[in-house]
1. Say each of residue 96 and residue 184 gets a label point 7 Å from the Cα, pointing the same way as Cα to Cβ; how far apart are those two points in nm?
2. To the nearest µm²/s, what D does Stokes-Einstein give for region 233-358 at 37 °C and 0.692 mPa s, using the Kirkwood radius over alpha carbon pairs as Rh?
3. Could you list, bin by bin from short to long, the percent of Cα-Cα pairs of region 415-566 in 5 Å steps?
4. For region 159-228, what is the per residue volume of the convex hull drawn over the alpha-carbon atoms, in cubic angstrom?
5. Starting from the Cα-Cα distance between residue 208 and residue 15, subtract it from 0.36 nm times their residue separation and give me the gain in nm to one decimal.
6. Starting from 0.36 nm per residue, how many nanometres of slack lie between residue 396 and residue 229 once their C-alpha separation is accounted for?
7. Between residue 538 and residue 255, how high is the FRET efficiency from 1/(1 + (r/R0)^6) when r is the Cβ-Cβ distance and R₀ = 41 Å? Nearest 0.05.
8. Mind ordering 155-164, 414-423 by average Cβ neighbours within 10 Å, highest first?
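Any read-out appearing in this document is the output of simple, stated calculations on the displayed coordinates, not a laboratory observation. As the structure is a computational prediction, the values presented were derived from the model and not from experiment. No Cβ is skipped: glycine too gets one built from the backbone with ideal geometry, and neighbour counts run over all protein chains shown.
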Ligand code: ARG
């Protein structure tokens, strides 16, 4: 496709005297496939050529027709025919050449279709997941976790050096409360059994008790001050809380195969906040307001950013400013991406505005990628009180539902194998759901919908992959050998409507990666995968693949199957969904 476009652009460039690149920039897609594959509008030429656009289109058609009449003209290998429709010149590509080119590119790309080196030498920090120590890892953090991982993968696939950051919430006055609560009510046995639920229990208890014993607040404040000063007892407890929480988080990360390069939490940046204060006052950006120190952001249309509270302590925002300074110094990042929910839009606008005021070069390198909230259809988690659903509970429930489906369709499989397949399908279905609609939309989990094998779901994509795998597995060895040796030559036989539709979807995959990256929207890639899978299944049902006597045709169709398999697998993996060979 790429090369075919180049040929056409060259021909037009010769005919009208503007550069090939300028011609290509004008190319569009005809409104309907029946009108052609590439359209060239002639409006812009009207001025230079002093002719009506429709006349230009007519003349160009004559010029191109003339060349197509000569079979040895290279253009004749690319263009089947051309129509002048009003001011447009519509090209119909030669189906055989198109098929050959798409399959050739696919074979060359191997398991990494659409991968590039675009980002070579550039570092992108993606900060995501970022749960809070001693607090539940809930489904909201799941959104950040899966979206962030997909965005990191998208950048990596385009050759960027990606640094995966986890900005742990491991600092703040709540740790004073936790220390006081632990000393009074902590149960070491329970902490070993289920650390986060024990820590949440005593934290909630603190808030209940403080109603009766207001002195607890003071105690907590003092404990936090001692922690800040590095007092041993408090430090030891804080380290313990942090470690047991991290152990629990790490189990989840292990389960979903996500690994961070950097786990510096807020406590790490807390040590750098005096530099932030110095810098801000040096630039005369700090203003006193009711005993606190703030940066006025009225010129950015934002409320003031609090830097130091009236007791001189720093806040969340101060630590975030320290983090940007540190990251830029250490990584000189091309992008610093925060995958954090919509409620923090104002927070990040403030941080980024302060960076601008501090004179950070290209402050637009900082990006907040916001996302919506998670909801559940009736009955999905109906038994629970309160509204916190843990990510692990959601994954477990997804896997349990998937297991029931797998067991029913494969009574022959052993438990271990069923478990493995169910884990992939269940986790994959959940991850897909987080990513598939635009990220700022709220998502609604319902098991019937997300596990529907015919729906816009991970199981549908996964099932399509298994279909491809099984076709390739069933092929005769001599067919596979020929596929390897000259698959793209045979591919010229893929001229049927359904085959061509699949080829067109394959061609669009790389563009969907670029769009997904540009908008921080993995959904744009998943939508393309879904359309590819639908087109493939139509082809699969309409066309005999292995059951024809014509070897060349079998090879050609298997080359298409292979290209589909590789594209689907690559896209699924970027989304963090591990394919299965059977399901
Ligand atoms: N820990 C925070 C939360 O759970 C998210 C941290 C977001 N990242 C940041 N750099 N502020 O809401």
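1. The answer from the label model is 8.5 nm.
2. Working: Rh = 16.4 Å.
Using the Kirkwood radius from Cα pairs, D works out to 200 µm²/s.
3. 2, 9, 16, 18, 17, 14, 12, 8, 3, 1, 0
4. Details: hull volume 8.5 nm³, N = 70.
Dividing the Cα hull volume of region 159-228 by its residue count gives 122 Å³.
5. Details: separation 193, 0.36 × 193 = 69.48 nm, distance 8.17 nm.
Result: 61.3 nm gained on full extension.
6. Numbers: separation 167, 0.36 × 167 = 60.12 nm, distance 4.17 nm.
Extra length available between residue 396 and residue 229 comes to 55.9 nm.
7. Numbers: r = 36 Å, r/R0 = 0.87.
Calculated value: 0.70.
8. Numbers: 155-164: 20.2, 414-423: 14.8.
Going from most to least packed, we get 155-164, 414-423.
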